[in-house]
Each structure stands twice: as C-alpha cells, then as structure tokens.
1. Under 18 Å from a label point 7 Å along Cα→Cβ of LEU27: give me every residue in region 42-70 with its amide N that close.
2. Among ALA50, THR4, LEU87, pick out the residue whose Cα is farthest towards the positive end of the charge dipole of the chain, where Lys and Arg carry +1 and Asp and Glu carry -1 on C-beta, about the Cα centre.
3. Once fully extended, how much extra length lies between ASN20 and PHE5, figured as 0.36 nm per residue of separation less the alpha-carbon to alpha-carbon distance?
4. Students often forget the sequence filter, so: which aspartates and glutamates lie under 13 Å Cα-Cα from LYS78 once same-chain residues fewer than 8 apart are removed?
5. Nothing charged except the Cβ atoms of Lys and Arg (+1) and of Asp and Glu (-1): what's the magnitude of the dipole of the chain about its Cα centre? Round to the nearest 20 debye.
6. Could you name the aspartates and glutamates whose alpha carbon sits less than 13 Å from that of LYS29, not counting residues in the same chain fewer than 8 places away?
7. For region 80-93, in order, what is each residue's ³J(HN,Hα) by Karplus, 6.51 cos²θ - 1.76 cosθ + 1.60 with θ = phi - 60°, in whole Hz (x at glycine and Pro)?
8. Treat each spin label as a single point 7 Å out from the Cα along the C-beta direction, and report the ALA79 to LEU49 distance in nm.
Amino acid sequence: YTVTFDKELPKVEISMPSDNAEFYGSLQKSLIIKGTTEENAQVQINDRLAIVDSNGNFSFSVQLSEGSNIFAIKSTDKAGNTSETSLQVSYAP
C-alpha cells in the first residue's frame, strides 16, 4: 500500500468570466465557466459536477437567469481537502 499525506487545500481559480460581469441579450444567455484546480480534484458548481481534465482545467456550461446569478464553486482533492469560492454575474434579456 502507498499512503500519501496531503493537508494542503486545492487551489480553485476562475479564468472566465470575471466576477460581477454583465451579460445581455439572448446570445449571451448561455455561459461557460472556466478555471483551474489541482490535478485529480473534483469540482462542483452549485452542487453539479464540472468537467475536469487531467491537468486540472475545468469547464461548466449553464443558462443564465434574469438578474443576479451566483455560483458556488467547490474543489475537493483526493484526500478530501476542500476549497470554495464564488462567482457572481448578472444577466438582462
């Protein structure tokens, strides 16, 4: 057996969109959230799994609702360490 001790929290960074970004019209209703985390970590955005590649890059597609949209982003590594951040954007049809 191999045991690895890991007490460091996984990083979670959002590369797009920027926090407090504003989107308008039907062409901008669909949004892709992109970011990076630790390799082999699991990312959940509003309790739904995001796609994470082998390098720790993740993406998540969502339809925006009118007004403020808040996303809770949580990264959990293999040791169970968890980091959380949030993202807020607004949308007007």
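The values are calculated or read from the model by the stated rules, or taken from the named source; none is laboratory data. Treat the numbers as computed from the prediction; the structure is a model and nothing was measured. Please note: Cβ atoms are built from the backbone with ideal geometry, for glycine as well, and neighbour counts cover all protein chains shown. The accessibility values were calculated without ligands, DNA or RNA, using every heavy atom of the protein model including side chains. Shrake-Rupley method; radii C 1.70, N 1.55, O 1.52, S 1.80 Å.
1. Counting only backbone N, you get 64.
2. The residue sitting most towards the positive pole is ALA50.
3. Additional length available on full extension: 1.7 nm.
4. ASP6, GLU8, GLU38, GLU39
5. 160 debye
6. The qualifying aspartates and glutamates are GLU66.
7. After applying 6.51 cos²θ - 1.76 cosθ + 1.60, I find x, 6, 10, 10, 10, 8, 9, 9, 10, 9, 10, 9, 10, x Hz.
8. Those two pseudo-labels are separated by 2.4 nm.
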